[in-house]
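Please read the structure below before turning to the comments.
The values are calculated or read from the model by the stated rules, or taken from the named source; none is laboratory data. If you're wondering where the values come from, they're calculated on a predicted model, not measured in any experiment. Positions of Cβ are backbone-derived with ideal geometry, glycine not excepted, and every protein chain shown enters the neighbour counts. To get the accessible areas, we keep the full protein, side chains included, count just its heavy atoms, and leave off ligands, DNA and RNA. Shrake-Rupley method; radii C 1.70, N 1.55, O 1.52, S 1.80 Å.
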Amino acid sequence: MTGKNGCVVIVGSQWGDEGKGKIVDVLAEEVEIVARYQGGANAGHTVHVGSEEFILHQIPSGILHPDRRCLLGNGVVMDPFQFFQEMDKLTARGIDAAARVGVSGRAHLLLSYHKLLDRAAEQRRGAGKIGTTGRGIGPAYEDKVARQGIRVADLRDAARAEERLRAAAVRVNERLSLLDTDERVDADALVAEVMGIRERLLGIMVDTGRVIHDAIRAGERVLLEGAQGALLDVDHGTYPYVTSSNTTAGGAALGVGVGPTAIAEVYGVVKAYTTRVGEGPLPTEFDSPMQEQIRELGGEYGATTGRPRRCGWFDAVVVRYAARVNGLTGLAVTKLDVLDTLPELQIAVRYQAGGESLEDFPGDLGLLAEAQPEYETMQGWESSTADARRWEDLPAAAQAYLRRIEELTEVPIRYVSVGTRRDQIIHVGR
Ligand code: IMP
Ligand code: MG
């Protein structure tokens, strides 16, 4: 990692599931604080430590390192029940999380009614569905922007919190009555549920901006952990097939409460190929049987929903675009080993669409729908990379593949991951 003072941001630079959890886990070694800045329990960060697998949705992946402080910034929509459930599970597995976590008082609460609304809205969309994770993310951010959300700090005054919860129940029930569902919010149950965790939640409330600001001043290092990916960003992604937050690096400063000048480095995590879960465009998507082959080799099933992920070739148009909108200073390429058996690989370098050759990822979904990738063929290495620990250990064809990715994206590769375990990582140039 860099010697520069300030925050290091880890952002997904495709459609999520790039392996950020593993990279955060590796980099957590070198920092004091890990903070999430957006999203909620829609994330699914899988980390393997020893023979154990941990899947974290709401708590930052840094928690698996002893002594790291793990924070949820104001930009996160926090499901407190999911949060405490994960915390208790970690505690049961011998990881002392309770004393190390904090949540911004400005973070919005994601409650059971947001999940009801999420599912009802998806059903309503029918064939035009987004394929959300059903975790209530869209409705929680809707409430935030509509200025009717409930924030962690709002729980301090119990009477006022109850009033807000009852008002929310009325509002949500009005909405639900217009949708095709019989489900309703029981206001008493909602109040009882939230009051049941109120003190526990207030006990971990912090001002994340202040904590991070002070840490940087004291020369400590802070990792800002993104969830989802650049192409799922509500502004820069394949709208409307996106999540409801700013997943890109600009969202990091905003989502924890520091200025953009507090960011020293931005590392983009990309798979050595491409995946997407849910609906929406994926220009390099494989046909059968390659689709099934890579899905099985890569274990490409959603960590949050279990849905099969859609797979495709590495798309340099996508990653070049992600490099630009995130201001990437380095790349971490993951799951290289999944490609070990392929005799030949393709990389998309441009798209043909609208009678033109496009270098830039289009913002127009119509153009994207007709986009035909122009591929470059690369030679496969047909040998195992799983035991490579230094750049020199990689087969020449794998090195060539990675170098071509660097050239096409104009971002240096800093890390290459060659397996699920913590030790299966190459620090390039170290
Ligand atoms: P939502 O975030 O649940 O509203 O889902 C919106 C879109 O983002 C859907 O296509 C989801 O599959 C996708 N999505 C949300 N979270 C993740 C994630 O952590 N990894 C990959 N895709 C995600
Ligand atoms: Mg995931």
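For the range 220-352, the carbon plus sulfur part of the accessible surface works out to 51%, probe radius 1.4 Å. When only alpha carbons of the chain are considered, Rg and Dmax amount to 21.5, 66 Å.
Amide H to amide H, with H built 1.01 Å from N, Q352 comes under 5 Å of L358, Q372, E374, counting only residues 5 or more places away or on other chains. Listed by chain and number, the lysines placed with their C-alpha closer than 21 angstrom to that of K115 are K129, K144; residues fewer than eight positions away on the same chain are left out.
Ranking S383, L331, G257 by Cα position along the charge dipole of the chain, where only Lys, Arg, Asp and Glu carry charges on their C-beta atoms, puts G257 farthest toward the positive end. What the phi angles of the range 227-241 give under the Karplus curve with 6.51, -1.76 and 1.60, with θ = phi - 60°, is a coupling list of 10, 6, x, 4, 7, 10, 5, 5, 9, 9, x, 7, 4, x, 8 Hz, glycine and proline written as x.
Only helices enter this figure: runs of n ≥ 4 DSSP H residues, each worth -39500 (n - 2.57), summed and divided by the residues of the chain, yield -10000 deg cm²/dmol at 222 nm to the nearest 500. Each principal axis of the Cα atoms in the range 218-294 has its own extent, and those three values, largest first, are 54, 25, 13 angstrom.
Semi-axes of the equivalent ellipsoid of the range 108-201 are 24, 14, 11 Å, computed as sqrt(5λ) over the eigenvalues of the C-alpha gyration tensor in descending order. The C-alpha radius of gyration of the range 20-66, expressed as a fraction of 2.2 N^0.38 Å, stands at 1.07. Counted by Cβ distance under 12 Å from Q293, the other residues give a net charge of -3, where Lys and Arg count +1 and Asp and Glu count -1. Selection among G136, Y113, G196 by position relative to the dipole of the range 108-201 gives G136 as farthest towards the positive end (Cβ unit charges, Cα centre). For the chain, the longest principal axis of the alpha carbon atoms and the long axis of helix 158-178 meet at an angle near 70°.
Multiplying the residue separation of Q372 and E296 by 0.36 nm and removing their Cα-Cα distance gives an extension gain of 24.8 nm.
Keeping the other protein chains in place, figure out the carbon and sulfur percent of the accessible area of the range 108-201, with a 1.4 Å probe. So the carbon and sulfur contribution to the accessible surface is 46 percent. In vacuum, with every alpha carbon of the range 343-395 counted as one equal point scatterer, what does the Debye formula give for log10 I(q)/I(0) at q = 0.12, 0.19, 0.20 Å⁻¹? Two decimals, please. Rounded to two decimals, the profile gives -0.46, -0.70, -0.72. When the Cα centres of the range 182-235 and the range 115-138 are compared, how far apart do they sit, in Å? The range 182-235 and the range 115-138 have Cα centres separated by 22 Å. Rounded to the nearest 20, the Cβ-based charge dipole of the range 93-153 about its Cα centre (Lys and Arg +1, Asp and Glu -1) stands at 40 debye.
Test of understanding: extend the Cα→C-beta vector of L202 to 7 Å, then name every residue of the range 48-89 with backbone N under 14 Å from that spot. Output list for this probe position: empty.
In the chain, a dipole from Cβ-located charges (positive for Lys and Arg, negative for Asp and Glu) runs towards its positive end, and of I59, M205, F361 it is M205 whose Cα lies farthest in that direction. Between the range 1-64 and the range 249-266, what is the C-alpha centre distance in whole Å? One Cα centre to the other: 16 Å.
If I stretch the segment between Q148 and D188 completely, what's the gain in nm (0.36 nm per residue apart, minus their alpha carbon distance), one decimal?
12.5 nm
Each residue of the range 353-358 was assigned a 3J(HN,Hα) from its phi angle through the Karplus expression (A = 6.51, B = -1.76, C = 1.60, θ = phi - 60°), giving 7, x, x, 10, 9, 9 Hz with x at Gly and Pro.
Have a look at the DSSP beta bridges in the chain and tell me what percent are antiparallel, nearest 5.
Antiparallel bridges: around 40 percent, rounded to the nearest 5.
Find the relative contact order for the range 108-201 and round it to a whole percent, using C-alpha pairs within less than 8 Å whose residues are 6+ positions apart. Over the range 108-201, the number comes to 29 percent. Remark on R151: its backbone amide H falls under 5 Å from those of L109, a criterion applied only to residues 5 or more positions apart or on other chains, H modelled at 1.01 Å from N.
Evaluated with a Cβ-only charge set (Lys, Arg +1; Asp, Glu -1), the range 108-201 carries a dipole of roughly 360 debye about its Cα centre, given to the nearest 20.
Less than 5 angstrom separates the built amide H of G302 from those of R307, R309, all sequence-distant by 5 or more or on a different chain. For the chain, a simple Cβ point-charge model (Lys and Arg +1, Asp and Glu -1, everything else neutral) yields a dipole of about 1160 debye relative to the Cα centre. In the full protein context, the range 1-109 carries 28 Å² of accessible surface per residue, based on a 1.4 Å probe and ignoring ligands, DNA and RNA. Of R68, R320, R124, the residue with the greatest mean-square motion in the GNM of the chain, using alpha carbon springs below 10 Å, is R124.
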